[in-house]
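Have a look at the structure below, then the notes.
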Amino acid sequence: MLQLLNRLQNMLDATRSLDFIAPLAIRLYLVPVFWMAGTNKLASMDSTIAWFGNPDWGLGLPFPALMAWAATLAEAGGAILLLLGLATRWISIPLFITMVVAAVTVHWQHGWAAIAETSASAERLERATAILQEHGNYAWLTETGNFVVLNNGIEFAVTYGIMVLALFFIGGGRYVSADYWLARRFRTG
């Protein structure tokens, strides 16, 4: 029995030659997430700064221009660096901080779920569906999927934060990251 278990473990260990796939997949998954978040902020930077700073209808953060630009550059620049696998561990730090700030300041009060499943959400969804059926081309609007009501909870921010945290520890991966090739060429010790 022990020989069989050892043989199975050896087969499992042989898959480590493909261990570059996981960090590559995480990086490629996060690229469009951060690119869209960063470029959307950049496209309306004045509104973004106002939202970051306003305590009545925004986040009420101190130094809103600095915070807005920091988040924007971390996300848009981070997307490019993740795509290339360049400075992966370094960019993971500001991206992680951005996800923590987003979870606490934007999403926390809405709980965990990103997509709502409450009776209040069901009521909103039913009303929106009725309006769309009456005034829109509902069949065309729903031909590729159903409408959902977002709860705006911390689920996505935490998920992206965990993925970035994983990249902080494992880096960009072997073979398909600039970090790997730069380390092979220039790292000593």
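The values are calculated or read from the model by the stated rules, or taken from the named source; none is laboratory data. Here the structure is a predicted model, which is why all the values come from computation and not from measurement. Cβ sites come from the backbone with ideal geometry, for glycine too, and all protein chains shown count toward neighbours. These accessible areas exclude ligands, DNA and RNA; they are computed on the full protein's heavy atoms, side chains included. Shrake-Rupley method; radii C 1.70, N 1.55, O 1.52, S 1.80 Å.
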**Request:** Return one whole number: the accessible area per residue of region 1-145 in Å², for a 1.4 Å probe.
**Result:** 66 Å²
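Let me check I have the definition right: for region 78-189, take the eigenvalues of the Cα gyration tensor, multiply each by 5, take square roots. What are those semi-axes in whole Å, largest first? Before the final figure, lay out the partial values.
Working: eigenvalues 339, 65, 16 Å².
So the equivalent ellipsoid measures 41, 18, 9 Å along its semi-axes.
Counting only C-alpha contacts under 8 Å and six or more residues apart, can you give the relative contact order of region 54-157 as a whole percent?
On the way: 73 pairs, mean separation 32.9, N = 104.
So the answer I get is 32 percent.
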**Request:** With springs connecting C-alpha atoms under 10 Å apart, model the chain as a Gaussian network and identify which of E75, E155, E143 has the largest mean-square fluctuation.
**Result:** E143
**Message:** Sequence gap at least 6, Cα distance under 8 Å: using those rules, report the relative contact order of the chain to the nearest whole percent.
**Reply:** 27 percent
**Message:** Out of the trypsin sites (Lys or Arg not before Pro) in region 65-148, which ones are loop residues according to DSSP with at most 12 other C-beta atoms within 10 Å?
**Reply:** none
**Complete:** For R174, other-chain or 5+-apart residues with amide H closer than 5 Å (H placed, Pro excluded) are F20
**Request:** Match the structure shown to one of the listed values (i) 1.18; (ii) 1.02; (iii) 1.33 of Cα Rg over 2.2 N^0.38 Å, computed from it, and give that label.
**Result:** (iii)
**Request:** With the full set of protein chains in place, find how many percent of the accessible area of region 1-124 is carbon and sulfur; take the probe as 1.4 Å.
**Result:** 70 percent
